[in-house]
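To start, the structure under review is shown below, and the notes come after it.
The values are calculated or read from the model by the stated rules, or taken from the named source; none is laboratory data. Note that the coordinates shown come from a computational prediction; the quantities given were computed from them, not determined experimentally. Glycine gets a Cβ as well: all are built from the backbone with ideal geometry, and neighbour counts include every protein chain shown.
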Amino acid sequence: MTLSLQTLKPQAGSRRRKLRKGRGIAAGQGASCGFGMRGQKSRSGSPTRPGFEGGQMPLYRRLPKLKHFTLVNPKQFTVLNVAKLAGLKAGSLVNLDSLVEAGLVTSPKHPLKILGNGDLEVKLTVQAAAFTSSAREKIEAAGGQCDLIG
């Protein structure tokens, strides 16, 4: 490897010397030490705290502190109660497509979630993205099966 300006680099493990500020004009950071002439940011000690806006009421104090902020990306489901499944044929497979064909779901935009309102006496195999605990108990008590999909 030839020695040239492009290949020059410091030795492995070496460190640069700490910059000594305020040691005269020849040292490179004399007098104002790179902080400018006057003003709040040129004084010794730390400058203003994070969020300080020069005495104006800061943003974090202007905003209302409210509970119950809405979810940014809420999970949305096509919901159906167990009571609606009671009219289906025993032993049939229930999923979003079969419910659209049966006319129980009109707009299958989101994944299916089964809720536990109502009673079920029919044995069904239900495929859905989510079940409430009461819906799962009622389907399995009737001899059916709950399959999670997605």
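With LEU19, LEU71, LEU104 as the choices, which residue is within 30 Å of ALA129 (Cα to Cα), surrounded by 10 or more Cβ atoms within 10 Å (Cβ to Cβ) and not β-branched (Val, Ile, Thr)?
Sole residue among the options that is within 30 Å of ALA129 (Cα to Cα), surrounded by 10 or more Cβ atoms within 10 Å (Cβ to Cβ) and not β-branched (Val, Ile, Thr): LEU104.
Of a type outside the set (S, T, N, Q) and under 26 Å from the mean Cα position of the chain (by Cα): is that true of GLY116 in this structure?
So GLY116 does not fit the description; no.
Could you grab the pairs with beta carbons closer than 8 Å, sequence gap of 6+ or different chains, first residue in segment 44-63 and closer than 25 Å to GLY22 by Cβ, second one of a type outside the set (Ser, Thr, Tyr) and part of a loop (DSSP other than H, G, I, E, B)?
Pairs that qualify, where the first residue is closer than 25 Å to GLY22 by Cβ and the partner is of a type outside the set (Ser, Thr, Tyr) and part of a loop (DSSP other than H, G, I, E, B), are THR48/GLY54.
For segment 23-46, give me each residue that is loosely packed, with under 11 Cβ neighbours inside 10 Å, part of a loop (DSSP other than H, G, I, E, B) and not hydrophobic (A, V, I, L, M, F, W, C).
GLY24, GLY36, ARG38, GLY39, ARG43, SER44, GLY45, SER46
Suppose the filter is aromatic (Phe, Trp, Tyr), over 30 Å from THR48 (Cβ atoms) and not assigned by TED's automatic domain parsing to the domain that holds THR48; does PHE131 pass it?
Yes: the conditions hold for PHE131.
Would you pick out the residues in segment 91-123 that are touching a strand residue (DSSP E or B) at 6+ places or on another chain (Cβ under 8 Å) and either assigned to a strand (DSSP E or B) or among the basic types (Lys, Arg) (or both)?
Answer for segment 91-123, where residues must be touching a strand residue (DSSP E or B) at 6+ places or on another chain (Cβ under 8 Å) and either assigned to a strand (DSSP E or B) or among the basic types (Lys, Arg) (or both): LEU93, VAL94, LYS109, LEU112, LYS113, ILE114, LEU115.
For the structure I just gave you, tell me whether LEU88 is part of a loop (DSSP other than H, G, I, E, B) and either modelled with pLDDT of 90 or more or surrounded by 15 or more Cβ atoms within 10 Å (Cβ to Cβ) (or both).
yes
Going by what's in this entry, would GLY36 be described as within 30 Å of ARG136 (Cβ to Cβ) and small (Gly, Ala, Ser)?
So GLY36 fails the test.
Across segment 74-85, what is the total count of residues that are surrounded by 18 or more Cβ atoms within 10 Å (Cβ to Cβ), part of a strand (DSSP E or B) and aliphatic (A, V, I, L, M)?
Matching residues across segment 74-85 total 1.
Quick check: anything in segment 127-150 of a type in the set (Val, Ile, Thr), assigned to a strand (DSSP E or B), surrounded by 15 or more Cβ atoms within 10 Å (Cβ to Cβ) and touching a helix residue (DSSP H, G or I) at 6+ places or on another chain (Cβ under 8 Å)?
Taking every residue of segment 127-150 in turn, none turns out to be of a type in the set (Val, Ile, Thr), assigned to a strand (DSSP E or B), surrounded by 15 or more Cβ atoms within 10 Å (Cβ to Cβ) and touching a helix residue (DSSP H, G or I) at 6+ places or on another chain (Cβ under 8 Å).
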